[in-house]
1. Within region 49-73, can you find the residues that are part of a strand (DSSP E or B) and either more than 15 Å from R117 (Cβ to Cβ) or open to solvent by 10 Å² or more (accessible area, probe 1.4 Å) (or both)?
2. Inside region 82-126, can you point out the residues that are surrounded by fewer than 20 Cβ atoms within 10 Å (Cβ to Cβ), among the acidic types (D, E) and either in a strand (DSSP E or B) or touching a residue at least 60 places away in the same chain (Cβ under 8 Å) (or both)?
3. Only one of (1) within 18 Å of H104 (Cα to Cα); (2) part of a loop (DSSP other than H, G, I, E, B); (3) of a type in the set (S, T, N, Q) fails for S223. Which number is that?
4. With the requirement that a residue be more than 19 Å from the chain's Cα centre (by Cα) and under 29 Å from P106 (Cα atoms), what does region 258-286 give you?
5. I'd like the full set of residues that are open to solvent by less than 20 Å² (accessible area, probe 1.4 Å), among the hydrophobic types (A, V, I, L, M, F, W, C) and more than 15 Å from S103 (Cβ to Cβ), limited to region 179-238.
6. With G41, G27, G6, G78 as the choices, which residue is within 18 Å of R117 (Cα to Cα), of a type outside the set (S, T, Y) and open to solvent by 10 Å² or more (accessible area, probe 1.4 Å)?
Amino acid sequence: MGRLFGTDGVRGLANQELTPELALELGRAAAKQIRKDAPKGRKLRAIVARDTRMSGDFLDHAISAGLASEGVDVNRIGVVTTPCVAYLTAKTDVDLGVMISASHNPMPDNGIKFFARGGYKLPDAIEDQIEQLLGDETDRPIGESVGEINAERESAEKLYIKHLVRAAGDLSGLRVAVDCANGAASRLGPEALQEAGVDTVVINASPDGRNINDNCGSTHMESLMAFVKENHLDAGVAFDGDADRCLAVDNQGNLVDGDFVMAICALDMKSRGKLAKNTVVGTIMTNMGFIRFCEENGMNFVATKVGDRYVLEEMLLEEYSFGGERVGGM
């Protein structure tokens with residue numbers, strides 16, 4: 001059997017490869033793992049969220065049950081985005097964040113992604129240790145030592161929207177279309193933009209459990225490109241199912257890809273003295289043209305590779321943060 005965890009958590013065909021039984025055992029194993037480094041006697045806490053896939057509901061209940069059965073108090077915050085989970089894991093004093101999503105994959109797939117205390121993705125070594133703990137039957141808590149499960153979404157979502165608006169600043173006067181991919185950003189994304197002052201036109205924000213990423217969102221940009229141009233809007237932005245990535249459209253309906261988005265943000269932050277260490281971080285796959293752009297505009301560029309991605313993520317969150325705040329997408 002190959003490694004259970006892939007490059008972005010555990011993914012597979014929901015209810016066939018990624019079953020509720022596996023989700024429950026992953027919850028138990030993750031709880032056992034984080035308990036190893038936790039102070040003795042302190043009750044552990046986790047948040048669990050999901051995107052809009054039908055299968056997310058039973059996987060949410062299953063992994064929450066697994067965590068609680070191993071003594072972890074669980075707050076099920078419902079449908080929010082992956083960056084929201086990372087942010088809340090860092091800011092609300094929890095030991096583990098769980099996002100149930102297969103991101104841009106088709107609706108029948110689903111996945112489980114863990115975030116460690118502080119909002120970081122789990123290193124490969126910790127994921128391997130969780131996998132080794134699957135099925136372990138030692139030291140089950142009883143009585144008051146088991147975890148409690150509750151559901152509180154509103155306050156968590158509002159905290160994250162406040163962070164996004166603070167990071168974005170006043171965007172009044174812009175007319176922007178947002179394609180929510182019928183996914184996790186369907187409510188949160190438009191609300192954050194509207195609170196930042198954007199005149200927001202929303203499309204593909206009617207999730208029914210089946211239509212996530214279905215000919216919409218960042219994997220299908222054609223409709224947004226046409227919509228922005230036909231309605232004479234200033235811009236458009238499209239998310240994928242869990243809103244951990246986006247693509248943009250300019251006022252002529254032209255695609256603005258990730259390198260262009262980074263370039264725009266970098267120049268803006270540099271002009272306002274907000275580009276920490278005057279550095280932009282990309283990957284080894286970043287376009288050479290973008291690297292030259294940084295050089296020509298007096299900015300440093302740092303490229304990641306697979307082996308150092310966790311170290312660099314920590315550096316980004318701690319040293320390259322925006323105004324002292326952790327930077328998140330939608």
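The values are calculated or read from the model by the stated rules, or taken from the named source; none is laboratory data. Predicted model only: the values in this text are computed from it and were never measured. Don't worry about glycine lacking a Cβ; one is built from the backbone with ideal geometry, like all the others, and counts go over all protein chains shown. Calculation scope for accessible area: heavy atoms of the full protein, side chains included, ligands and nucleic acids excluded. Shrake-Rupley method; radii C 1.70, N 1.55, O 1.52, S 1.80 Å.
1. Hits for region 49-73 are A49, R50, D73.
2. Within region 82-126, D124 is the sole residue that qualifies.
3. Condition not satisfied by S223: (2).
4. Once the filter is applied, which keeps residues that are more than 19 Å from the chain's Cα centre (by Cα) and under 29 Å from P106 (Cα atoms), region 258-286 yields D259, F260, I284, M285, T286.
5. Listed by number, the residues that qualify are L188, A192, A196, V198, M221, L224, V228, L233.
6. G41
This table checks each residue for (1) under 24 Å from E230 (Cα atoms); (2) among the hydrophobic types (A, V, I, L, M, F, W, C).
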| site | (1), (2) |
| --- | --- |
| V165 | no, yes |
| R175 | yes, no |
| A181 | yes, yes |
| A184 | no, yes |
| E191 | yes, no |
| G197 | yes, no |
